[in-house]
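See structure below.
The values are calculated or read from the model by the stated rules, or taken from the named source; none is laboratory data. All of these numbers come straight from a predicted model, not from anything done at the bench. So basically every Cβ, Gly included, is an ideal-geometry build from the backbone, and we count neighbours across all protein chains shown. These area figures cover heavy atoms from the full protein model, side chains too; ligands, DNA and RNA do not enter into them. Shrake-Rupley method; radii C 1.70, N 1.55, O 1.52, S 1.80 Å.
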Amino acid sequence: MPEAKLSLRGVTKSFGKQAILRCIDLDVAEGEMICLIGASGSGKSTLLRCINQLEPVDDGNVWLDELDISAPGLDLAPIRRRIGIVFQSFNLFPHMTAMDNVLLAPRRVLNEEVQGLRLRAEEEFVRFGLALHKDKYPDQLSGGQQQRVAVIRALVMRPEIMLFDEITSALDPELVGEVLDVLRELRAEGMTMILATHEMGFARELADRVCFIDGGMIVEQGPPEELFNKPQVARTQEFLRTVLRN
Amino acid sequence: MVVAGVSTAIVVLSIVMLVPLAPGWEGVKTSFFNGEVFAKTLPKLLKAFLWDVAIFAWSVPLIFALGLAIALARAVRSPALFPLRIFGAAYVDIFRGVPVVLVIYLVGFGVPGLGLPRPWNSPYIWGTVALVLTYSAYIAEVLRGGIESIHASQRAAAICLGLSERDTMRYVILPQAIRRVIPANMNMLVALQKDVALLSFIGPVEILRQAGIFKSLLANFTPYVAAALIFLCVTVPATRYADYLMNRDRNARS
Ligand SMILES: Nc1ncnc2c1ncn2[C@@H]1O[C@H](COP(=O)(O)OP(=O)(O)OP(=O)(O)O)[C@@H](O)[C@H]1O
Ligand SMILES: [Mg+2]
């Protein structure tokens with residue numbers, strides 16, 4: 001049994017005949033920040049969805065602490081509470097205010113008194129600069145504000161790991177910064193994070209480890225300065241040349 | 001605008017002037033548009049229409065409750081509950097596939113025919129049951145369409161927060177789905193209000209039955225015309241309102 005906070009062993013996933021993930025091994029230590037980079041369609045989103053069991057894996061195991069969360073027949077709801085995730089878009093529930101979005105799951109799921117919960121949520125709104133927006137509906141918020149609410153919503157569940165799937169890629173460029181600031185803040189707190197991203201500069205600045213994914217495999221991984229400055233594998237070199245040129 | 005106004009005026013005028021020239025007009029006028037009969041029968045017809053409204057009013061909650069249950073049965077994901085989905089699908093197929101009148105006849109005459117004691121043989125009860133059976137099938141289908149129109153990522157977002165399937169449906173999917181199908185349901189309700197009149201075939205003295213009684217009594221068809229007008233007073237505004245909601249929806253989404 002692996003020691004890490006989260007461990008993937010031989011994780012394999014296909015849609016129909018198409019193999020999307022091929023035997024992925026990955027260990028994530030507590031407090032570590034991992035960035036997944038790779039071309040569109042390489043399998044980054046699928047990998048994240050297999051980690052929180054939104055997609056069942058075909059083969060292999062996912063361990064969260066001592067628990068094999070990919071074992072069939074498990075009640076997944078309590079496990080998913082421990083893993084927060086924010087998607088690229090369509091995160092928020094449009095019929096609820098930002099505050100109600102944030103409070104829905106903890107109210108239904110956590111045994112916590114509502115008053116304290118609301119206070120805790122309000123603190124998070126303040127911390128991420130949304131104090132004035134907590135009673136607005138999602139369509140009254142900018143894309144960047146919506147994503148920050150989605151992060152708050154995941155955080156009030158007190159997750160042990162956070163997954164982020166290209167949470168800035170649907171945003172206008174001027175809004176990307178405010179969302180990346182949120183990630184910096186979480187990084188400073190020592191949150192364990194896995195982040196699929198196109199923001200190479202950001203990955204270089206903050207990641208403990210960068211994994212380059214291609215064709216459903218982790219082709220190369222390492223600390224950002226190594227992976228970005230002297231990639232070893234030809235595919236990685238090629239990918240980095242293309243994205244860094246743009 | 002002007003063109004539309006002028007051409008409408010011409011059409012209306014020619015109908016008003018030409019129809020009375022038809023040879024049978026005098027006869028039609030006295031037996032269908034008799035002002036005296038109209039005035040005499042209107043109060044009682046309005047009173048009978050209250051039955052239509054009452055039957056409508058108590059049917060609607062039952063229809064929505066049963067329709068929602070059927071729609072949810074068709075939306076269950078667990079393989080163990082697959083029979084429930086089949087049942088839901090069969091229910092919808094059957095009751096949408098049979099004319100309302102037939103269901104009313106079969107339930108309204110069939111069940112009391114079992115020799116139930118009063119008040120359980122009341123045509124009001126079994127007529128209501130027939131309407132509820134038929135219309136819940138339609139509403140279930142509308143609701144299911146609404147549920148399926150909600151983007152899969154909404155479900156994913158809810159599930160990922162650790163909400164149960166049940167809470168996800170109740171707090172995330174259904175509120176959005178129901179809002180989205182309100183206009184379609186409004187149109188269903190207009191159709192239901194009209195179909196309540198079909199219960200006249202199995203006994204309740206609602207407006208159509210009352211008009212029939214007057215017709216036999218007075219040997220005049222005007223009560224039917226009056227009944228039609230009463231229906232129009234309710235259904236036209238309701239239909240317009242549904243259209244308004246539908247348009248507002250479309251504009252909001254585009
Ligand atoms: N539910 C699904 N059914 C069938 N194929 C799927 C499904 N989800 C993803 N795929 C396929 O799996 C492959 C990997 O998709 P994935 O979304 O994981 O890539 P990605 O690396 O996240 O790409 P992007 O950078 O564009 O987000 C793609 O070819 C995609 O078409
Ligand atoms: Mg993706």
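Number of residues in region A:138-175 that are within 16 Å of ligand 1 (Cβ to nearest atom) and open to solvent by 20 Å² or more (accessible area, probe 1.4 Å): the value is 4. Among the residues of region B:108-129, those that are without any contact (Cβ under 8 Å) to a residue 40 or more places away in the chain and closer than 17 Å to residue B:206 by Cβ comprise B:122, B:125, B:129. The residue of region B:129-154 that is modelled with the highest pLDDT, among those that are part of a helix (DSSP H, G or I) and at the interface with chain A (Cβ under 10 Å from one of its Cβ atoms), is B:154.
Yes or no, residue by residue, for (1) among the aromatic types (Phe, Trp, Tyr); (2) under 24 Å from the mean Cα position of the chain (by Cα):
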site: B:35; (1), (2): no, no
site: B:46; (1), (2): no, yes
site: B:51; (1), (2): yes, yes
site: B:80; (1), (2): no, no
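Contact annotation: residue pairs with Cβ atoms under 6 Å, 6 or more positions apart or on different chains, pairing a residue in region A:72-92 that is at the interface with chain B (Cβ under 7 Å from one of its Cβ atoms) with a partner that is part of a loop (DSSP other than H, G, I, E, B) and open to solvent by 10 Å² or more (accessible area, probe 1.4 Å), are A:77/B:164; A:81/A:157; A:90/B:151.
Mind telling me which of the residues B:217, B:189 ends up being on the phi < 0 side of the Ramachandran plot, touching a helix residue (DSSP H, G or I) at 6+ places or on another chain (Cβ under 8 Å) and not aromatic (Phe, Trp, Tyr)?
That would be B:189, the only listed residue that is on the phi < 0 side of the Ramachandran plot, touching a helix residue (DSSP H, G or I) at 6+ places or on another chain (Cβ under 8 Å) and not aromatic (Phe, Trp, Tyr).
The set of residues in region A:16-73 that are part of a loop (DSSP other than H, G, I, E, B), within 23 Å of residue A:191 (Cβ to Cβ), within 16 Å of ligand 1 (Cβ to nearest atom) and aliphatic (A, V, I, L, M) contains only A:54. Any residue at all in region A:116-137 that is touching a Pro at 6+ places or on another chain (Cβ under 9 Å), more than 14 Å from chain B (Cβ to nearest Cβ), charged (D, E, K, R) and open to solvent by 30 Å² or more (accessible area, probe 1.4 Å)? Within region A:116-137, one or more residues are touching a Pro at 6+ places or on another chain (Cβ under 9 Å), more than 14 Å from chain B (Cβ to nearest Cβ), charged (D, E, K, R) and open to solvent by 30 Å² or more (accessible area, probe 1.4 Å). Applying the criterion of being away from ligand 2 (no atom under 16 Å from the Cβ) and surrounded by 22 or more Cβ atoms within 10 Å (Cβ to Cβ) to the residues of region A:6-25, the residue that is nearest to the other protein chains (Cβ to nearest Cβ) is A:6.
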